[in-house]
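Step one of this worksheet: look at the structure below.
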Amino acid sequence: QVQLVESGGGLVQPGGSLRLSCAVSGIIFSTYAMGWYRQAPGKQRELVAGVASNGVTNYADPVKGRFTISRDNTKNTVYLQMNSLKPEDTAVYYCNARKYTTGFNSWGQGTQVTVSS
């Protein structure tokens, strides 16, 4: 059974930092592309950052230079380091595991990030 469990969300002031973690089980983690998505109230879910199985990363324009995605294949965990947070980063953040060759696509339950003074 595949499980993706996010942690690390919370309330932070503008300009602050948070690190999200997503612990994955039930798949050969190193062979899957991993991503972080977010969904703000009344908006569609959007890609924040992704890291391929070969370590190549990509970022949405609004977070470039502020967020960093990384993966630790020895711990089956993907991280999202978020710096210089802004109120518009407020959303539920979801972890995603995907393998395009098989159509596999799995989501975590989400973790709330609130940026407010």
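The values are calculated or read from the model by the stated rules, or taken from the named source; none is laboratory data. The shown structure was predicted, so the numbers you read here are calculated from the model rather than taken from an experiment. As a convention, Cβ positions derive from the backbone with ideal geometry for all residues, glycine included, and neighbour counts pool all protein chains shown. Keep in mind that these areas ignore ligands, DNA and RNA; they rest on the heavy atoms of the full protein, side chains included. Shrake-Rupley method; radii C 1.70, N 1.55, O 1.52, S 1.80 Å.
Accessible surface for residue 2 stands near 50 Å², nearest 10, in the context of the full protein assembly shown (1.4 Å probe).
Per residue, the accessible area of the chain comes to 53 Å², computed with a 1.4 Å probe over protein heavy atoms only. Report, to the nearest whole %, how much of the accessible area of segment 4-106 belongs to carbon and sulfur atoms, 1.4 Å probe, protein only. Roughly 50 percent of what the probe reaches on segment 4-106 is carbon or sulfur.
If packing is taken as the mean number of other Cβ atoms within 10 Å per residue, what is the order of 62-70, 16-24, highest first?
Numbers: 62-70: 15.7, 16-24: 18.2.
Highest-to-lowest ranking by the protection proxy: 16-24, 62-70.
3J(HN,Hα) along segment 49-54: 7, x, 9, 6, 4, 8 Hz, from the Karplus curve 6.51 cos²θ - 1.76 cosθ + 1.60 with θ = phi - 60°, whole Hz, x for Gly and Pro. Once backbone amide H atoms are built at 1.01 Å from N, residue 85 has 15, 16 as its partners under 5 Å, excluding neighbours fewer than 5 places away on the same chain. Whole-Hz Karplus values for segment 91-104 come out as 4, 8, 9, 10, 8, 9, 10, 8, 10, 5, 5, 10, x, 5 Hz, taken residue by residue from phi with 6.51 cos²θ - 1.76 cosθ + 1.60 and θ = phi - 60°; glycine and proline positions read x. Remark: the residue 11-residue 100 segment gains 28.6 nm on full extension, using 0.36 nm per residue and subtracting the alpha carbon distance.
Compute the length gained on full extension between residue 114 and residue 39: take 0.36 nm times their separation in residues and subtract their Cα-Cα distance, giving the result in nm to one decimal.
Result: 25.8 nm gained on full extension.
As a length-normalised measure over Cα pairs under 8 Å and 6 or more apart, the relative contact order of the chain settles at 36 percent. Counting pairwise Cα distances across the chain, what percent come out greater than 16 angstrom? Value for the chain (Cα pairs over 16 Å): 56 percent.
Treating only the Cβ of Lys, Arg, Asp and Glu as charged (+1, +1, -1, -1), what charge dipole size does the chain show about its Cα centre? Round to the nearest 20 debye.
Working: 11 positive and 6 negative charges, 23 e Å.
Roughly 100 debye, rounded to the nearest 20.
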